[in-house]
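Here's the structure we're looking at; comments come further down.
The values are calculated or read from the model by the stated rules, or taken from the named source; none is laboratory data. Worth saying up front: this structure is predicted, and the values here are computed from it rather than measured. Cβ placement follows ideal geometry from the backbone for every residue including glycine, while neighbour counts extend to all protein chains displayed. Just so you know, the surface numbers come from the protein's heavy atoms only, side chains and all, with ligands and any DNA or RNA stripped out. Shrake-Rupley method; radii C 1.70, N 1.55, O 1.52, S 1.80 Å.
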Amino acid sequence: TRDVDPGVRLAALGALAETDAVPSGSPWTGPGGPDEIDRVIINAMVDTWPEVRRRAATALGGRCQRPGPAKVLFEAVSRDKDLDVRGDALLGLVSCRANGVDELLPFVWNSAKHPLPLRERAIGLVVMLENGKLAADLVKQFRRWRGQALESREAMTLAIAASATISRLHPPGAADALIEALDDLAFPELVGAAALALGELGPVCPARARAKLQALAKSDDQASVPAKRAL
């Protein structure tokens, strides 16, 4: 992992990522057990090559039930200079259900200090986490971002991301919020996203949504195509 060639460092990290499945006492595990290997991978999180840090973040994502890896990944989400590293660190924390990740996701999506793509990713990762409370919170956030869309392009982007997430988890109030969004004809992107989200609801989509989608599908509005797909 300290080789001068970044390709060698990547390969070494890939091999070390598999060591949790190796029986204790094998040549792969030292006296310190898994924690000893954790520390080697953690050191790679300060590598000058973003790809090496991404590989390290992915490896730590499979080990973050232990405090060391989790701490480093939490720090990387907010501090790493590379957006992809930050995203992989966030994915790793969600994948291993790290303690505190259910508080981290809303912190990221509500923080204007975080890049917009990372905030979108935090919204999407609620699906993987399958957290009903976070999904319900997103319904409220969806309505709030809709209200801010007139003044904020970021708010509209976040609302579109939230529509996709709540459509897959369908928490209470999701369908009502999406049906309301069909009236936002000044924002065809948002209307189209809401239409597709209603289609994703499938059997739990309310019958009253169909009439609105049919009217939208027959219109000349930009959102008519997603409305037809939703129907």
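Taking Cβ atoms as reference points and 13 Å as the exclusive limit, the residues near ARG168 contribute a net charge of -2, counting Lys and Arg as +1 and Asp and Glu as -1. With a cut-off of 15 Å between beta carbons, the residues surrounding LYS228 carry a summed charge of +1, where Lys and Arg count +1 and Asp and Glu -1. Quick one: pull the percent of accessible area on the chain belonging to carbon and sulfur, 1.4 Å probe, ligands and nucleic acids left out. C and S atoms contribute 55 percent here. What is the calculated FRET efficiency for ALA136 to ASP5, with r their C-beta to C-beta distance and R₀ = 41 Å, to the nearest 0.05? It comes out at approximately 0.25. Applying the Karplus relation 6.51 cos²θ - 1.76 cosθ + 1.60 with θ = phi - 60° to region 54-60 yields 3J(HN,Hα) values of 5, 5, 5, 4, 5, 5, 5 Hz, where x marks Gly and Pro. For ASP84, the accessible area of its heavy atoms, probed at 1.4 Å with every protein chain present, is near 80 square angstrom.
Accessible area of ARG66 (1.4 Å probe, protein heavy atoms only, ligands and nucleic acids ignored): about 60 Å². Sparsely packed loop sites in region 66-95 (the trypsin sites (Lys or Arg not before Pro) outside DSSP H, G, I, E and B with at most 15 other Cβ atoms within 10 Å) comprise LYS81. Kirkwood analysis of region 87-231, using all unique Cα-Cα pairs, places the hydrodynamic radius at 15.3 Å. Based on Cα contacts under 8 Å between residues 6+ apart, the chain shows a relative contact order of 10 percent. Computed per residue of the chain from DSSP H runs no shorter than four, each worth -39500 (n - 2.57), the mean residue ellipticity at 222 nm is -21000 deg cm²/dmol.
Compute the distance from the alpha-carbon center of region 137-156 to that of region 52-121, in whole Å. Taking the Cα centre of each part, region 137-156 and region 52-121 sit 24 Å apart.
In straight-distance terms, cross-link reach from LYS113 covers every one of the lysines whose alpha-carbon lies under 29 Å from its own, apart from those fewer than eight places away in the same chain; here that gives LYS71, LYS81, LYS133, LYS140.
In this label model, ALA15 and PHE107 are separated by 3.6 nm, measuring between points 7 Å along each Cα→Cβ vector. On a per residue basis, the chain carries 51 Å² of accessible surface, using protein heavy atoms and a 1.4 Å probe. With respect to the chain, whose longest principal axis is taken over its alpha-carbon atoms, helix 67-79 is tilted by about 50°. With respect to the chain, whose longest principal axis is taken over its alpha-carbon atoms, helix 207-217 is tilted by about 80°.
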